[in-house]
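**Student:** The structure's right below; bear with me while I get my questions together.
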């Protein structure tokens, strides 16, 4: 058994989903592989820690957002033609039709067809009216949407963001109970609240990429970038986002705070140790130059310089450590 297969079976074994023969094979591999054995112990410790905390009921806003996203996904499915819906109804009721008289079967088919046509036309009319109503509404400024009212709107997701060239003005389109939009400066608290929601929008990678870029630009420009706001969002994106481009933007936005914020420093160190993208790891090493004398930073750099798999990362780490020696 190779380590890649062992990693998959370790997770299955931790949750009791691995067959006995596969479990015995995994145990034999772990007896000879220290890395896989350590990974299993870490997973067991993490599972034990997670089990120690009670599972809270889902937030009502989370349920509402989930329902809206489900509706969006269903709306994205191309509608079937009325004849396809009629045939589907006939197939679903084939068993009952076999035992029913011919006249009843014909009435069922005719009724299903008429109902489908009527429902289709009603849905089309409703969609057209909703579109006209949304078009007729003026675009409010962000100052017209208070922090409390935007929270009451149960924001589901951010659909698009448009920034005016060479300006601090952005236009954010978001979905609540009905699609809405606001316009205002990037420094506006309500605009920032919407951007924070967008930064965690896992269903739309493009919006998340654009949002993290805007937040990073604000931090690099020296605008308000509080630890409990934008900085937190950038740290989360750096640690957990699957898109390497998003992680790099988040890393660059955190650069001004490496020296003063220990949480930012720890996130950069984690990126250096664990990120899968070599370029991001290289950027992380260079970002640590202002704090290379810090004990934890030096320990990480020494470990990377001596044992990292990437020759480039080892070289860059040694260069940074040589600068520390010159300073001392």
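The values are calculated or read from the model by the stated rules, or taken from the named source; none is laboratory data. These numbers were taken from a predicted model, which means no experiment stands behind them. All Cβ positions, glycine included, derive from the backbone under ideal geometry; neighbour counts span all protein chains shown.
**Student:** If I ask for residues that are surrounded by fewer than 16 Cβ atoms within 10 Å (Cβ to Cβ) and outside any loop (DSSP other than H, G, I, E, B), which ones from region 289-313 would you list?
**Tutor:** Once the filter is applied, which keeps residues that are surrounded by fewer than 16 Cβ atoms within 10 Å (Cβ to Cβ) and outside any loop (DSSP other than H, G, I, E, B), region 289-313 yields 289, 290, 295, 296, 299, 302, 303, 306, 307, 311, 312.
**Student:** Restrict the check to region 320-327 and report whether at least one residue is modelled with pLDDT of 85 or more and surrounded by fewer than 16 Cβ atoms within 10 Å (Cβ to Cβ). Spell out how you get there, then give the answer.
**Tutor:** Our first condition is that a residue be modelled with pLDDT of 85 or more; within region 320-327, this holds for none.
No: zero hits.
**Student:** Here is a follow-up. Where the second residue is modelled with pLDDT under 85 and in a helix (DSSP H, G or I) and the first is under 15 Å from residue 220 (Cβ atoms) and not assigned by TED's automatic domain parsing to the domain that holds residue 286 and lies in region 252-274, which pairs have Cβ atoms under 6 Å and are six or more apart or on separate chains?
**Tutor:** Short answer, once both residue conditions are applied: none.
**Student:** Also: Any idea how many residues of region 5-25 are more than 13 Å from residue 44 (Cα to Cα) and in a loop (DSSP other than H, G, I, E, B)?
**Tutor:** Residues flagged as more than 13 Å from residue 44 (Cα to Cα) and in a loop (DSSP other than H, G, I, E, B) within region 5-25 amount to 3.
**Student:** If you don't mind, there's one more thing I want to ask. If residue 184 satisfies all but one of (1) buried (at least 17 other Cβ atoms within 10 Å of the Cβ); (2) assigned to a helix (DSSP H, G or I), what's the number of the condition it fails?
**Tutor:** (2)
**Student:** Let me ask another. Out of (1) surrounded by 13 or more Cβ atoms within 10 Å (Cβ to Cβ); (2) in contact with a strand residue (DSSP E or B) (Cβ under 7 Å, 6 or more places away or on another chain); (3) at pLDDT 80 or above, what's the single condition that is false for residue 162?
**Tutor:** Tallying (1) surrounded by 13 or more Cβ atoms within 10 Å (Cβ to Cβ); (2) in contact with a strand residue (DSSP E or B) (Cβ under 7 Å, 6 or more places away or on another chain); (3) at pLDDT 80 or above, residue 162 fails exactly one: (1).
**Student:** Then there's this: So, in region 187-208, how many residues would count as being surrounded by fewer than 16 Cβ atoms within 10 Å (Cβ to Cβ) and modelled with pLDDT of 80 or more?
**Tutor:** Residues in region 187-208 being surrounded by fewer than 16 Cβ atoms within 10 Å (Cβ to Cβ) and modelled with pLDDT of 80 or more: 1 in total.
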